[in-house]
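Notes for the one structure printed next.
The values are calculated or read from the model by the stated rules, or taken from the named source; none is laboratory data. Remember, predicted model here, so these are calculated numbers, not experimental data. Note that we place each Cβ from the backbone using ideal geometry, even for glycine, and neighbour counts take in every protein chain shown. To get the accessible areas, we keep the full protein, side chains included, count just its heavy atoms, and leave off ligands, DNA and RNA. Shrake-Rupley method; radii C 1.70, N 1.55, O 1.52, S 1.80 Å.
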Amino acid sequence: MHLTTLTDYALRLLMHVAQHPDRLCTIAEVAQRYDISQAHLMKVTHRLALCGWIETVRGKGGGMRLARPAADIRLGAVVRDMESDFALVECFGPGKACALDGQCRLAGVLDAALHEFLRHLDGYTLQDILPRGRPRAPGRSALVMLRP
């Protein structure tokens, strides 16, 4: 399984904003902090706002803030909102038929693993993954994404 860049950036953005609850954060500062394209972050910000994870304020002095406390933001819910495809194998896709239909039990095992992965993430909140003490130096991500 591989989480998309959208999800990776969404989690980083939420972590940054959560570390600055006393002010509005801007796309430019998050982009600089994590060395991410501002254009990409605009899309991420838009999606997070549509899903209700952040509030945005337009205009001079505008920016973004969490829409709810970090302790109320479950990581599994954010991942579900950001990811558009949880088909771990081809036969999970819509309208796909399995060539081994009726004989294969792999799909059930993989589906259970996916549900366990998301259930595990549901056990953690944004507050749980925030660095303790001062924010890290620029370029040092507090989030490590798993890669196959």
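If you take the residues in segment 98-119 that are within 25 Å of ARG74 (Cα to Cα) and touching a Phe, Trp or Tyr at 6+ places or on another chain (Cβ under 9 Å), which one is modelled with the highest pLDDT?
This residue is LEU118.
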Counting only residues in segment 44-83 that are exposed (fewer than 14 other Cβ atoms within 10 Å of the Cβ) and touching a residue at least 24 places away in the same chain (Cβ under 8 Å), the one farthest from GLU116 (Cα to Cα) is identified as GLY61
Residue set LEU11, LEU3; condition open to solvent by less than 40 Å² (accessible area, probe 1.4 Å) and modelled with pLDDT under 95; output residue LEU3
Of the listed residues (GLY95, GLY52), the one being modelled with pLDDT of 95 or more and at positive phi is GLY52
Restricting segment 33-43 to residues that are outside any helix (DSSP H, G or I) and of a type outside the set (Val, Ile, Thr), the one surrounded by the most Cβ atoms within 10 Å (Cβ to Cβ) turns out to be SER37
